[in-house]
Amino acid sequence: MSITTDEIQDLFMNQIDCGSVVASQFSDETNRSASDLMKACSGFGGGLFCGETCGAIAAANVVIGLKYGIDTPGDEEGKTELIKKVSEFNARMHEKYPSFLCTNLLGSDLATAAESGKMMQFCPNFCKEVIDTLKEII
């Protein structure tokens with residue numbers, strides 16, 4: 001059963017950011033604990049806490065790397081599969097979102113988005129979309 005937008009919003013209210021939310025949903029696929037995945041991606045919130053690349057997007061690429069990444073020099077076939085999965089995920093997300101920068105996704109800087117409530121409206125739904133898209137790809 002997939003996490004709901006309301007559950008994501010509850011996690012946000014309890015200091016769990018987008019990257020951790022996304023990564024934690026892929027414990028089975030990566031053979032890693034949800035806790036370890038959350039910790040590994042906890043520095044991604046708020047676009048690395050400066051409005052840059054969205055943490056949900058960054059975490060999705062970490063999950064792809066854990067599932068399809070290579071650790072053997074010369075593994076051309078593995079590298080091709082990794083690039084295929086990353087490219088497919090990014091292309092699918094770019095169909096709807098031309099930019100992965102938090103400031104562009106939110107239409108303002110992080111402080112303004114937080115104060116206006118835009119962050120809590122947009123980010124849980126975006127995380128859910130990232131999770132659902134990633135589940136289809138991997």
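The values are calculated or read from the model by the stated rules, or taken from the named source; none is laboratory data. Computed from a prediction, not measured in an experiment: that's the story for all the values here. So basically every Cβ, Gly included, is an ideal-geometry build from the backbone, and we count neighbours across all protein chains shown. The accessibility values were calculated without ligands, DNA or RNA, using every heavy atom of the protein model including side chains. Shrake-Rupley method; radii C 1.70, N 1.55, O 1.52, S 1.80 Å.
Residues that are surrounded by 15 or more Cβ atoms within 10 Å (Cβ to Cβ), part of a helix (DSSP H, G or I) and among the polar types (S, T, N, Q) within the stretch 36-89 comprise SER42, ASN61, listed in sequence order. Return the residues of the stretch 90-122 that are more than 20 Å from ALA59 (Cα to Cα) and either touching a Phe, Trp or Tyr at 6+ places or on another chain (Cβ under 8 Å) or open to solvent by less than 50 Å² (accessible area, probe 1.4 Å) (or both); say none if nothing qualifies. The answer is SER108, ALA113, GLY117.
I'd like the residue in the stretch 90-99 that is in contact with a helix residue (DSSP H, G or I) (Cβ under 9 Å, 6 or more places away or on another chain) and part of a helix (DSSP H, G or I) and, out of all such residues, is farthest from CYS50 (Cα to Cα). Among those residues, the one meeting the criterion is ARG92. Cβ-Cβ distances below 9 Å connect no pair with a first residue in the stretch 104-124 that is on the phi > 0 side of the Ramachandran plot, a second residue that is surrounded by fewer than 17 Cβ atoms within 10 Å (Cβ to Cβ) and not in a helix (DSSP H, G or I), and a separation of six or more residues or different chains.
Among the residues of the stretch 123-138, how many are among the basic types (Lys, Arg) and open to solvent by 50 Å² or more (accessible area, probe 1.4 Å)?
1
Scanning the stretch 100-127 for residues that are over 14 Å from the mean Cα position of the chain (by Cα) and part of a loop (DSSP other than H, G, I, E, B) yields GLY107, SER108, ASP109, GLY117. Each residue in the stretch 15-30 was checked for being within 23 Å of ILE137 (Cα to Cα), open to solvent by 50 Å² or more (accessible area, probe 1.4 Å) and free of Cβ contacts under 8 Å to residues at least 12 places away in the same chain, and 1 pass. Tell me, please, whether a residue that is modelled with pLDDT of 95 or more and more than 15 Å from LYS135 (Cβ to Cβ) can be found in the stretch 20-29. So far as the stretch 20-29 goes, yes, one or more of its residues are modelled with pLDDT of 95 or more and more than 15 Å from LYS135 (Cβ to Cβ). Within the stretch 1-14, the set of residues being surrounded by 11 or more Cβ atoms within 10 Å (Cβ to Cβ) and either out of contact with any helix residue (DSSP H, G or I) (no Cβ under 6 Å at 6 or more places or on another chain) or without any contact (Cβ under 8 Å) to a residue 12 or more places away in the chain (or both) comprises ILE3, THR4, GLU7, ASP10, LEU11, PHE12.
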